[in-house]
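Just below is one structure, and these are the notes that go with it.
The values are calculated or read from the model by the stated rules, or taken from the named source; none is laboratory data. In this text the structure is predicted, and so the values were computed from the model without any measurement. All Cβ positions, even for glycine, are placed from backbone atoms using ideal geometry, and neighbour counts span all protein chains on display.
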Amino acid sequence: MLRHKGIYTVLVFTTLFSVVLDLTIAWYLSKITDAAVRLDVGAFTGLIGFGVVYLLAVGLNGYVDSYFKNNVSAKIRNGLRLEMMEHTLSLPQSYFDRNHSGDLLSRFTNDNQSVGEACGQVMIDLVRNPVLALAAFAYLLYINWLLALICFAMGPLLFLTGKIFGKAMRVNSVRLQESMSRTTSFLNDILGSSMVFKSFSIERRLLKQYRGHSESIISGEMKRGRIEGATGALSSFLGNATFILALITAGFFVAKGSLEVGAMIAFIQLMNFLVGPFSSLPGLVASMQQSLGAAERIFEVIDAPAEVDTLPKPQAEQPEFMELVLSDVSFSYPESDKWSLSTVGLKLRQGSHVAIVGPSGGGKSTLFKLLLGFYTPDDGEILINGNSTGGMSLGHLRSYFAYVPQESGLYTGSIRDNLRNGKPDASEEEIIQALQQANAYDFVLELPEGLGTDIGEHGSRLSGGQRQRLSIARAMLKNAPILLLDEATAALDNESEKMVQQAIRKLMKNKTTIVIAHRLSTVQNADVILVMENGEIVERGSHDELLAAEGRYHGLYHSQLELEEGDALEDWSAAQELTGGGERELADQR
Ligand SMILES: Nc1ncnc2c1ncn2[C@@H]1O[C@H](COP(=O)(O)OP(=O)(O)OP(=O)(O)O)[C@@H](O)[C@H]1O
């Protein structure tokens, strides 16, 4: 809010002016009534002129006031959104592992909206109402001090009402926001996997679960209704009781001749200005409490420890790479009591090809996460060219790697935009060249808008093989010295598989590569194969060496031979467990 001091200064003026205008209407009413009672026809010319000026002033002030309230609210929402986005992008991977993306989404949308409303309308009303009440009270004092005191007596009572219900409102609104956030997370999950819920026919189950979420929202909203209703009823009762009491007293003074009729009319109008602000106070406080809850959720994100002070820049120059060393690296995830990597040692020279195989949960992906600096080792260190990665900026560290994830990791947007994530300043020619290298250019040409085609959420408008080839083209554009490839386990048809494999081979050319391998062709051609189990490298060597050693890898080989003979369908899962996939390869061999 402090960033928008200028706008708030204007709003202070429009607010104060609106209070003056409100008091003026009370004065104006008394003047018209007095002129009418005195049968003073001549006074009406001036009164009409005044009325016209008054209307113009109210209109103009209302316009400026409303424009700047909306303006400041929109600017604050925009500022918060951007600040939150910038900070979210700098949060460590552990944050994303811990928090649901739907919950974050809800903070970006619902909470942002709520804070924006508070900083515009609600906050100004919270200032305006007491000022209006005080000004009305001063005017009432001027008209008749006894009446003024009767009216003002209800102030503390109404304040007490707000205080009693305020806490309940805040607790309820935080719960309500949490329910909304859970619902958004749920929706985020299911709407992003429509093929799964359709294929499992779990629509009814999901509807039932959604009903549960929706009911927790409605029960929070009902409770809010009850609290607001009780507060409103109590404050309206107090307000009206005071009003009637003051009215009877005023009527009594007029009847006694100690108060003019015009003053009584002004008094009635002023009563509204006194009672109104107090009656609306609990509602405003409730809304403010809700927005404070929302602000808390936004600042939870903005204040979460970031992994970088400034967002890293992609490095245009390819860094020189000679050697990667993992020296006795051990790691366990935060809040986990078991080692996901245990004394892992590895030395990789420029140009070597390493394949990692092993059962699910063996630590293969965790190794990638440590290499990419998503997590830091608890013990041991990772060195690139002899320098510990712990001392490198994350931007520099990540410039050594091109990562091809299992899920291709494409975003909504055009093919061109997605590829430029590999190299932001890539020219059209470079993009086309990368697509050609990745065997993707032909299918891109057939798309209605070519490179400009929107590929849908996570590339949903493309086939699995096409997505993989785009992901490979993106990595080609990054052109980093070390390639980290998490082979997709999804089976592709023969033709598509062949094209993906060709693309991968071209991508691997002249690069140092570490591949989480699910296909035997990748494994057999590797310089070194690492077998990972329970976070440890239990075997290492070339394909031939490992076969000769007759260990874990040998077991895999034999289970595949059995499969080749076609009699061991039940061994499928065992083989898959060891390779972490590889159905296609095995099917081909069969
Ligand atoms: N974010 C996390 N928090 C806590 N534990 C985790 C987390 N991610 C993975 N783990 C655990 O770390 C271990 C290694 O997991 P990792 O994902 O590295 O296995 P993997 O070899 O890549 O398996 P897969 O072949 O199935 O992908 C597992 O026991 C897993 O449960």
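Being at pLDDT 85 or above, in contact with a helix residue (DSSP H, G or I) (Cβ under 7 Å, 6 or more places away or on another chain) and buried (at least 18 other Cβ atoms within 10 Å of the Cβ) is the filter here, so list the residues in the stretch 510-542 that pass it.
Passing the criteria: Val515, Ile516, Ile529, Val531, Met532, Glu539.
Test Arg398 against the stated conditions and say whether it is basic (Lys, Arg), farther than 20 Å from Pro92 by Cα and away from the ligand (no atom under 16 Å from the Cβ).
Against the criterion (basic (Lys, Arg), farther than 20 Å from Pro92 by Cα and away from the ligand (no atom under 16 Å from the Cβ)), Arg398 does not qualify.
Which residue, of Leu274, Leu311, is at pLDDT 75 or above and in contact with a Cys (Cβ under 7 Å, 6 or more places away or on another chain)?
Leu274 is the lone residue from the list that is at pLDDT 75 or above and in contact with a Cys (Cβ under 7 Å, 6 or more places away or on another chain).
Just give me the residues in the stretch 438-452 being touching a residue at least 12 places away in the same chain (Cβ under 8 Å) and among the charged types (D, E, K, R), in sequence order.
Of everything in the stretch 438-452, just one residue is touching a residue at least 12 places away in the same chain (Cβ under 8 Å) and among the charged types (D, E, K, R), namely Glu449.
Please pick out the residue among Leu157, Leu146 that is under 22 Å from Thr231 (Cβ atoms), in a helix (DSSP H, G or I) and more than 40 Å from the chain's Cα centre (by Cα).
Leu157
When both residues are 6+ apart or on different chains and their Cβ atoms are under 7 Å apart, which pairs have a first residue that lies in the stretch 163-177 and is aromatic (Phe, Trp, Tyr), and a second that is part of a helix (DSSP H, G or I)?
Filtered contacts from the stretch 163-177: Phe165/Ile227; Phe165/Ala230; Phe165/Thr231; Phe165/Pro282.
State yes or no: is Ser279 within 30 Å of Leu16 (Cβ to Cβ) and hydroxyl-bearing (Ser, Thr, Tyr)?
Criteria met by Ser279.
Quick one: count up the residues across the stretch 200-232 that are assigned to a helix (DSSP H, G or I) and aromatic (Phe, Trp, Tyr).
Number satisfying all stated conditions: 1.
Take residues that are in contact with a His (Cβ under 7 Å, 6 or more places away or on another chain) and within 16 Å of the ligand (Cβ to nearest atom) and tell me which of the strands (runs of 3 or more DSSP E) falling wholly in the stretch 427-542 contain 1 or more.
So the answer is 528-533.
Got a number for residues in the stretch 111-143 being in contact with a Gly (Cβ under 9 Å, 6 or more places away or on another chain) and over 18 Å from Phe17 (Cβ atoms)?
Residues flagged as in contact with a Gly (Cβ under 9 Å, 6 or more places away or on another chain) and over 18 Å from Phe17 (Cβ atoms) within the stretch 111-143 amount to 3.
Show the residue pairs that are 6+ apart or on different chains and have beta-carbon atoms under 7 Å apart, the first residue being within the stretch 227-244 and touching a residue at least 24 places away in the same chain (Cβ under 8 Å), the second being surrounded by 17 or more Cβ atoms within 10 Å (Cβ to Cβ) and of a type in the set (S, T, N, Q).
Ile227/Asn172; Thr231/Thr161; Leu234/Thr161; Ser235/Thr161; Ser235/Ser279; Ser236/Ser279; Gly239/Ser279
Restricting attention to the stretch 330-364, and to residues there that are more than 30 Å from Leu477 (Cβ to Cβ) and in a strand (DSSP E or B), which single residue is farthest from the ligand (Cβ to nearest atom)?
Gly345
Identify, by number, the condition in (1) more than 16 Å from the ligand (Cβ to nearest atom); (2) exposed (fewer than 15 other Cβ atoms within 10 Å of the Cβ); (3) free of Cβ contacts under 8 Å to residues at least 60 places away in the same chain that Ser327 doesn't meet.
Tallying (1) more than 16 Å from the ligand (Cβ to nearest atom); (2) exposed (fewer than 15 other Cβ atoms within 10 Å of the Cβ); (3) free of Cβ contacts under 8 Å to residues at least 60 places away in the same chain, Ser327 fails exactly one: (2).
Table: residues versus (1) aromatic (Phe, Trp, Tyr); (2) touching a Leu at 6+ places or on another chain (Cβ under 8 Å).
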position	(1), (2)
Thr9	no, no
Thr15	no, no
Trp27	yes, no
Gly46	no, no
Val53	no, no
Val58	no, yes
Ser66	no, no
Lys69	no, yes
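For the stretch 67-88: of the residues being over 30 Å from Phe186 (Cβ atoms) and in contact with a helix residue (DSSP H, G or I) (Cβ under 9 Å, 6 or more places away or on another chain), which is surrounded by the fewest Cβ atoms within 10 Å (Cβ to Cβ)?
Asn70
Would you confirm whether any residue within the stretch 403-413 is within 13 Å of the ligand (Cβ to nearest atom) and surrounded by fewer than 18 Cβ atoms within 10 Å (Cβ to Cβ)?
Checked the stretch 403-413: at least one residue is within 13 Å of the ligand (Cβ to nearest atom) and surrounded by fewer than 18 Cβ atoms within 10 Å (Cβ to Cβ).
Going through the stretch 365-383 one residue at a time, which ones are within 10 Å of the ligand (Cβ to nearest atom) and over 13 Å from Ile537 (Cβ atoms)?
Ser365, Phe368, Lys369, Leu370, Phe374, Tyr375, listed by residue number.
Identify all residues within the stretch 140-176 that are buried (at least 19 other Cβ atoms within 10 Å of the Cβ) and either hydroxyl-bearing (Ser, Thr, Tyr) or in contact with a strand residue (DSSP E or B) (Cβ under 9 Å, 6 or more places away or on another chain) (or both); write none if there are none.
Hits for the stretch 140-176 are Thr161, Ser173.
Quick one: would you say Leu91 is within 16 Å of the ligand (Cβ to nearest atom) and surrounded by 15 or more Cβ atoms within 10 Å (Cβ to Cβ)?
Answer is yes for this residue.
Kindly list, by first and then second residue, each pair from a residue in the stretch 111-129 that is closer than 16 Å to Ser280 by Cα to a residue that is of a type in the set (Gly, Ala, Ser), limited to pairs with Cβ atoms under 6 Å and residues at least 6 apart or on different chains.
Partner pairs satisfying both residue conditions: Ala118/Ser291; Val122/Ser287.
Give Pro319, Pro305, Pro282 a once-over and let me know the one that is more than 16 Å from the ligand (Cβ to nearest atom), exposed (fewer than 14 other Cβ atoms within 10 Å of the Cβ), of a type outside the set (A, V, I, L, M, F, W, C) and touching a residue at least 12 places away in the same chain (Cβ under 8 Å).
Result: Pro305 is the single residue among Pro319, Pro305, Pro282 that is more than 16 Å from the ligand (Cβ to nearest atom), exposed (fewer than 14 other Cβ atoms within 10 Å of the Cβ), of a type outside the set (A, V, I, L, M, F, W, C) and touching a residue at least 12 places away in the same chain (Cβ under 8 Å).
Please work out if Asp111 is part of a helix (DSSP H, G or I), of a type in the set (D, E, K, R), surrounded by 15 or more Cβ atoms within 10 Å (Cβ to Cβ) and under 27 Å from the mean Cα position of the chain (by Cα).
Spelling it out, Asp111 is indeed part of a helix (DSSP H, G or I), of a type in the set (D, E, K, R), surrounded by 15 or more Cβ atoms within 10 Å (Cβ to Cβ) and under 27 Å from the mean Cα position of the chain (by Cα).
Of the residues that make up the stretch 61-73, is at least one under 22 Å from the mean Cα position of the chain (by Cα) and free of Cβ contacts under 8 Å to residues at least 12 places away in the same chain?
There is no residue in the stretch 61-73 that is under 22 Å from the mean Cα position of the chain (by Cα) and free of Cβ contacts under 8 Å to residues at least 12 places away in the same chain.
Can you spot a residue in the stretch 492-503 that is small (Gly, Ala, Ser) and either surrounded by fewer than 23 Cβ atoms within 10 Å (Cβ to Cβ) or at pLDDT 85 or above (or both)?
Scanning the stretch 492-503 turns up at least one residue that is small (Gly, Ala, Ser) and either surrounded by fewer than 23 Cβ atoms within 10 Å (Cβ to Cβ) or at pLDDT 85 or above (or both).
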